[in-house]
Amino acid sequence: MKRATAPKTIGELNEKEAKAEHARLEDEIGGHDRLYYQQDAPKISDAAYDALRRRYEAIEKHFPALRTLSSLSQRVGAAPAAKFAKVRHTVPMLSLANAFTEDDVRDFAARVRRFLKLAENEPLAFSAEPKIDGLSMSLRYEKGELVTAATRGDGSVGEDVTANIRTLKAVPHKLKARHVPAVCDVRGEVYMTKTDFLKLNERQKESGGQIFANPRNSAAGSLRQKDPAVTASRPLGFFAYGWGEISEMSAKTQSGMIEWFDNCGFSVNPLTRLCRSVEELVAFHRSIEERRAKLDYDIDGVVYKVDRIDFQERLGFAGRDPRWAIAHKFPAEQAITRVKGILITVGRTGTLTPTAQLDPVTVGGVVVQNATLHNEDYIKGIGGNGEVLREGRDIRIGDTVIIQRAGDVIPQVVDVVADKPRGKKKYPFPKKCPCPLHTDIVRETTATGEEGARARCSGEFACPFQKIEHLKLFASRRAFDIDGLGEKQIELFFEKGWVQEPADIFTLGERNKKIKLEDEEGFGETSVRNLFAAIRNRREIVLDRFIYALGIRHVGETTALALARGYGSWKAFHDACLKAAKGDEEAIAEMDALDQIGETVIEGIKAYFGEKHNRGIVERLTKRVKILDAEKPRADSKVAGKTVVFTGTLEKITRDEAKAQAERLGAKVAGSVSKKTDYVVAGPSAGSKLAEAKKHGVKVLTEDEWFKLVG
Ligand code: IVH
């Protein structure tokens, strides 16, 4: 946090200032590129780098004259492509032909028989497997040891993601089978479960990070990380289903190979079956399609593979597709419908979200009537960073649109069907908030000072919509968890004027003599008694839940826990927040050094505690509840009170486990190295943090040395 004063928003820059800042950013970004690509020693985080690039691009968007041929945005071979080393696959990674109907499957089986000259009555078995919607990966094992992991890339050349893949629990570093070939490329799919995808997006939202559209994208984004520690923190799975170069086959059939992968320590898909006729294949397809919605990972079809490997070898390839396999796809989870209207809702922090109201349509077995339109720019056809999503196809009321459900997430409008009659006029995004205050709508400012895509109600704490949303969060399961105080009750109590802010919940019982809740429709004496008992039970609360319940922007559950662990007590946390809000550099730096806490969270905390009204709400609330300290770490361990940074890939336990263990032992786990750091525990692929440790003279330990130290 070097910046003391907020930079001007792009709109506030004049041409001269924009030119100067554009040049300065070009220099700064160029310097970071050199550190990153040529010296492998970046000095700033990916997020900070991305923020610089976003501001640079936003300046060019506002001042197009600055976009010359030498501009960073025009250079070929820009940053991301050069992120990973290239790996040439010794056996190319090819694709699969598709079947959409039962007839296509019949044709496929008939073609196979014809090619092999097999009569109708001769046996022909297929391995039938779910087609996982993830990223294909080739893992090279030499003498049983994992040496390289590469993405598919263009099929011939992929990207080297070995360090990242090593962090996956589902990928053995050593093949466990009794006999292993000298060389063996194991191929399979990396994926993220739907549950983990939703959780990750929740965390990303809290920290202002990238929001992923579906589990596949989040798996790809998690894998293509420069820092393997980031991949390690993302739960990725892997199913093995094939092979590339292999010096010695371990089985004679596809199903036998899958069994061998299982013996080697890989996860293999448990739904895989051996089918002996087209009827069995079709029945398999049907049964998997029925289970599709309940599976916790996305699949987009099933794959049938001729089981005998000698047959596979005889069949070979036709172009880029094997003759011995086919993908039998499921219908896409997309549908076409019409936009009836657009509704704007106000969230807890004042963010306005436009939702398309649709003619009801069934997508993937679920009736959909609403789909998110994300924000004003998205409606216009502009994505993050200003890229054009839909040239000339802004979304209008009356348009026919394509909607999509991805990984059980909220449906979204993905495109407009241009050759259907269009809505008459462009959608005028409202200038006034739909809340009762009808305040002006303002565009959010991002941490880098530029204009964000999200519109916000400027009513802040005076906005009744925001107040209600905050009260709902406050009483919700993950915050105060007050039984009987659900969304409906909050709305009623708020409208009646009985509960305006959290502290009021705790005085409701005393005031009930006047209110007489039991006389309200839907309430009886028992339910009122239960509600007051539930409220009484919640007068004591642990620190992390309390912090989460405050509803600070960018402070979700995970962040609240990190803050609670970092500060230990409400007093310590509260003091730090008040100081940070006043701009106290030391308090801010201390917060910044906490693990998982960065600029966005700190901005949220500063804004919250900088507001007198919020300070009042907190003060009145803390008089009504007792906040329990975060679990006391052990004071008798050798690392109690020490600050530790973990970097590189840990081999014995995951990074999360290592952090939790260190915290239980009373250590403070930080995300960055400073002179206050006591130990840096470095795994094999440690990068810039190791250099930082040397610079500050911080003691560096191997994983084993660390275990020895903590016993
Ligand atoms: S076999 C020669 N089996 O689907 C092709 N692929 O459309 C070998 N996929 O790139 C591929 N699940 O990423 C195979 N059980 C499975 C699969 C599977 C998912 C993906 C894979 C491949 C793509 C082809």
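Couple of notes before you dig in:
- Centre separation in Å (Cα based) which lies between the range 370-384 and the range 94-148: 40 Å
- Projecting the Cα positions of P123, T643, P684 onto the charge dipole of the chain (unit charges on Cβ atoms of Lys, Arg, Asp and Glu, taken about the Cα centre) puts T643 furthest along the positive direction.
- Taking Cα centre as origin and charging only the Cβ of basic (Lys, Arg, +1) and acidic (Asp, Glu, -1) residues, the dipole magnitude of the chain rounds to 780 debye.
- Zone of S674's modelled label, taken as backbone nitrogen in the range 555-576 under 11 Å from a point 7 Å along Cα→Cβ: none
- Within the range 304-371: Cβ-based charge dipole about Cα centre, in debye rounded to nearest 20 (Lys, Arg +1; Asp, Glu -1): 100 debye
- Per residue, the average separation of C-alpha pairs within less than 8 Å and at least 6 apart gives the chain a relative contact order of 11 percent.
- Residue-span extension gain [S527 to N98] - 0.36 nm each, minus C-alpha spacing: 148.7 nm
- Here the extension length gained between K199 and A318 equals 38.7 nm, from 0.36 nm per residue of separation less the Cα-Cα distance.
- Counting only alpha carbon atoms, the long axis of helix 15-33 and the longest principal axis of the chain meet at about 50°.
- A Cβ-based charge dipole, computed about the Cα centre of the range 131-239 with Lys and Arg at +1 and Asp and Glu at -1, lands at about 320 debye.
- Full extension of the chain between E631 and Q369 yields a length gain of 89.8 nm, computed as 0.36 nm times the residue separation minus the alpha carbon distance.
- Under 19 Å from K226, Cα to Cα: aspartates and glutamates that are on another chain or at least 8 residues apart: D33, D40, D46, D50, E159, D160, D595, E651, D656, E692
- For the chain, with +1 on Lys and Arg beta carbons and -1 on Asp and Glu, the positive-most of A240, C275, G158 along the dipole: G158
- Cβ-derived FRET efficiency at R0 41 Å, D27 paired with E289, nearest 0.05: 0.15
- Hz values of 3J(HN,Hα) by residue in the range 319-325 - Karplus curve (6.51, -1.76, 1.60), Gly and Pro given as x: x, 9, 10, x, 7, 8, 9
- Residues E391 and D483, FRET efficiency given R0 of 60 Å [Cβ-Cβ distance, rounded to 0.05]: 0.70
- Cross-link pairs beyond the 20 Å C-alpha cut-off, checked among K488/K623; K169/K194; K467/K612: K488/K623
- Leading residue at positive end of dipole, the range 343-392 (Cβ point charges), from V388, H374, I344: I344
- Averaging over all projection directions, the Cα-based convex hull of the chain occupies 36.6 nm² in the image plane.
- Relative contact order of the range 617-700, defined on C-alpha pairs under 8 angstrom at six or more residues apart (%): 31 percent
- Principal axes of the range 89-208: Cα extent on each, largest first, Å: 59, 40, 28
- The lysine pair count for the range 301-442, using Cα distances under 22 Å and pairs eight or more places apart or on different chains, is 14.
Read-outs: derived from the displayed coordinates by stated rules, not from any lab. The shown structure was predicted, so the numbers you read here are calculated from the model rather than taken from an experiment. Quick reminder, even Gly has a Cβ in these numbers, built from the backbone with ideal geometry, and neighbours come from all protein chains shown.
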